[in-house]
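Asker: Got a structure here, written out as structure tokens. Questions coming.
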Amino acid sequence: MRIDRRTMLAGAAALGGATAAAAAARARDTDWSAVAEDVKAQMAWAWDLYRQHAWGKDEIKPVSGTFSSFPLKTRHLGLSLIEALDTLWVMGLDSRFAAGVGWVKQHFDADVDGEVSVFETSIRLLGGLLSAHHACGDPVLLAKARDLADRLLPAFATPTGMPYRFVNLKTGAVREPVTSPADIATYLPEWGMLSRLTGDPRYATVARKALVAVFARRSKIDLVATKIDVLTGEWRDRRATVGSYCDSFFEYLWDSWQLFGDAECKRMYEVCTAAILEHQQVWKDGSLWFADVDFETGAVVATEQDELASFYGGLLGQGGAMKQGAAYTESWAKVQARFGVLPEGYDYATAMPTQRTNALRPELADAAFTLWLIDRDPRWRRIGLAHFDAMKRWNKARYGYTDLADVTATPKRQADHCPGYWWSEQMKYYYLLFADTPRFDYRRNYLSTEGNVLLGFRQPAEEGRTRKSEGRE
Ligand code: IFL
């Protein structure tokens with residue numbers, strides 16, 4: 001796609017030409033540990049404001065200084081606080097971590113008569129409790145994680161083993177059998193870890209059954225679509241995508257191999273990936289994209305890309321398709337350079353945003369960090385730095401970091417919401433990408449789809465030991 005001069009100028013203006021040049025120069029000669037300190041300072045600043053204005057609430061509204069609830073409609077479960085915990089710990093913000101753990105031990109109670117998304121509650125709250133437990137070993141955190149999983153379990157009691165989309169935390173009442181591969185199959189790392197830690201195999205069993213059930217219903221050309229009925233097992237839509245509704249299904253096939261050595265999951269991942277590369281891969285003017293296609297015929301049905309799909313380059317790299325993983329991440333990095341902050345939707349055929357909002361998303365930073373773990377190529381740090389710099393420039397508000405209403409406006413227009421994942425994801429990806437911290441094992445680790453670290457934390461004593469032995473090597 002050729003970008004015409006007007007679009008290029010608009011893009012440069014949106015980013016601020018001088019800022020782009022300054023960012024590039026900064027990236028060439030960067031003191032990465034100073035950038036990591038800046039990330040940590042931003043985290044501490046935002047946490048302290050959350051503590052003053054929204055302590056124990058789910059999500060702060062960073063422009064107005066108020067708050068909103070999620071995943072329950074009217075009650076708060078401390079979502080942002082729980083999502084932040086392992087990020088605080090890995091940054092060494094220990095007193096803030098301790099205060100957060102103290103809140104969870106005293107106040108977190110999932111015994112609420114209200115309906116939640118099984119998927120969101122699992123990746124965010126259950127994952128957050130497990131990663132905090134991994135950081136400090138407190139058994140109360142594990143007990144709370146287990147209680148929460150027990151409340152989600154009724155959703156999995158279906159003829160296919162694929163869970164309903166919603167469950168009531170108190171009554172176990174379920175709702176909405178038509179759901180997506182991501183909603184159905186993004187459990188095994190957290191639930192398998194819960195089984196390992198508690199000795200109760202039920203969690204791993206239901207999570208794995210759901211994952212396999214989606215794979216078993218793939219089309220003859222090995223693609224899955226975005227909607228399926230968990231009661232009948234019939235597809236309710238024909239669109240195959242690497243974006244929203246399917247993304248973390250692919251991710252958790254690979255992750256279950258990475259975390260547990262589950263060879264069958266690796267095989268399933270390889271089958272799905274081969275089909276995606278065969279039917280969805282589109283090269284356009286040197287950039288790689290993944291078209292949405294009909295899951296049975298492979299015919300292209302849409303050229304729009306979800307920002308959410310920008311994580312996928314990292315996953316491809318992990319699975320061994322480094323050429324495509326790097327190229328896809330670079331494609332998104334070019335869109336970021338053009339708009340400063342990624343729009344929620346982008347059409348590679350028209351090279352225009354299809355949605356102008358930005359939900360303060362972490363995916364490009366996720367891919368950059370994942371690829372950097374693989375090959376330590378400095379370009380991933382540069383992409384992460386551009387993401388961080390742009391966030392500081394455009395998303396920073398009076399009471400924290402906010403989403404954007406329009407990334408194409410000059411200046412960009414802020415909305416008023418800091419999603420819980422911000423605390424768990426990009427702040428941790430930036431920090432780990434820039435810091436080289438002894439609290440994290442850069443060779444053997446596992447981060448969930450929500451950025452929760454379930455493997456790879458090193459305790460301070462261990463840090464010291466490893467540092468010494470690394471020094472001797
Ligand atoms: O909850 C987050 C997680 O990364 C996910 N989907 C979208 C969110 C972040 O954009 O799986």
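The values are calculated or read from the model by the stated rules, or taken from the named source; none is laboratory data. All of these numbers come straight from a predicted model, not from anything done at the bench. Glycine gets a Cβ as well: all are built from the backbone with ideal geometry, and neighbour counts include every protein chain shown. The accessibility values were calculated without ligands, DNA or RNA, using every heavy atom of the protein model including side chains. Shrake-Rupley method; radii C 1.70, N 1.55, O 1.52, S 1.80 Å.
Asker: Going through the stretch 172-194 one residue at a time, which ones are out of contact with any strand residue (DSSP E or B) (no Cβ under 9 Å at 6 or more places or on another chain) and surrounded by fewer than 22 Cβ atoms within 10 Å (Cβ to Cβ)?
Answerer: The one that is out of contact with any strand residue (DSSP E or B) (no Cβ under 9 Å at 6 or more places or on another chain) and surrounded by fewer than 22 Cβ atoms within 10 Å (Cβ to Cβ): G172.
Asker: Let me ask you something else. Please find, among A409, A405, the residue that is surrounded by fewer than 22 Cβ atoms within 10 Å (Cβ to Cβ), assigned to a strand (DSSP E or B) and more than 13 Å from the ligand (Cβ to nearest atom).
Answerer: One residue alone meets the criteria, A405.
Asker: Which residues, taken from the stretch 373-387, are more than 15 Å from S310 (Cβ to Cβ) and either assigned to a helix (DSSP H, G or I) or of a type in the set (K, R) (or both)?
Answerer: Across the stretch 373-387, the qualifying residues are L373, I374, D375, R376, P378, R379, R381, R382, L385.
Asker: While we're here: Pick out the one residue from A365, A333 that is more than 13 Å from the ligand (Cβ to nearest atom) and either acidic (D, E) or at pLDDT 95 or above (or both).
Answerer: A333
Asker: Taking the options V293, V300, name whichever one is of a type outside the set (S, T, N, Q), open to solvent by less than 10 Å² (accessible area, probe 1.4 Å) and closer than 13 Å to A240 by Cβ.
Answerer: Answer to the check: V293.
Asker: Could you look through the stretch 434-460, keep only residues that are open to solvent by less than 20 Å² (accessible area, probe 1.4 Å) and within 16 Å of the ligand (Cβ to nearest atom), and pick out the one that is nearest to the chain's Cα centre (by Cα)?
Answerer: Filtering first and then ranking leaves E450.
Asker: Every residue in the stretch 119-139 that is open to solvent by less than 10 Å² (accessible area, probe 1.4 Å) and more than 16 Å from the ligand (Cβ to nearest atom), please.
Answerer: A132, A135
Asker: Would you call T19 assigned to a loop (DSSP other than H, G, I, E, B), at pLDDT below 95 and hydroxyl-bearing (S, T, Y)?
Answerer: Criteria not met by T19.
Asker: Now for a separate question. When C246 is evaluated against the numbered criteria (1) open to solvent by 10 Å² or more (accessible area, probe 1.4 Å); (2) touching a residue at least 60 places away in the same chain (Cβ under 8 Å), which criterion, by number, is the only one it fails?
Answerer: So the condition that C246 fails would be (1).
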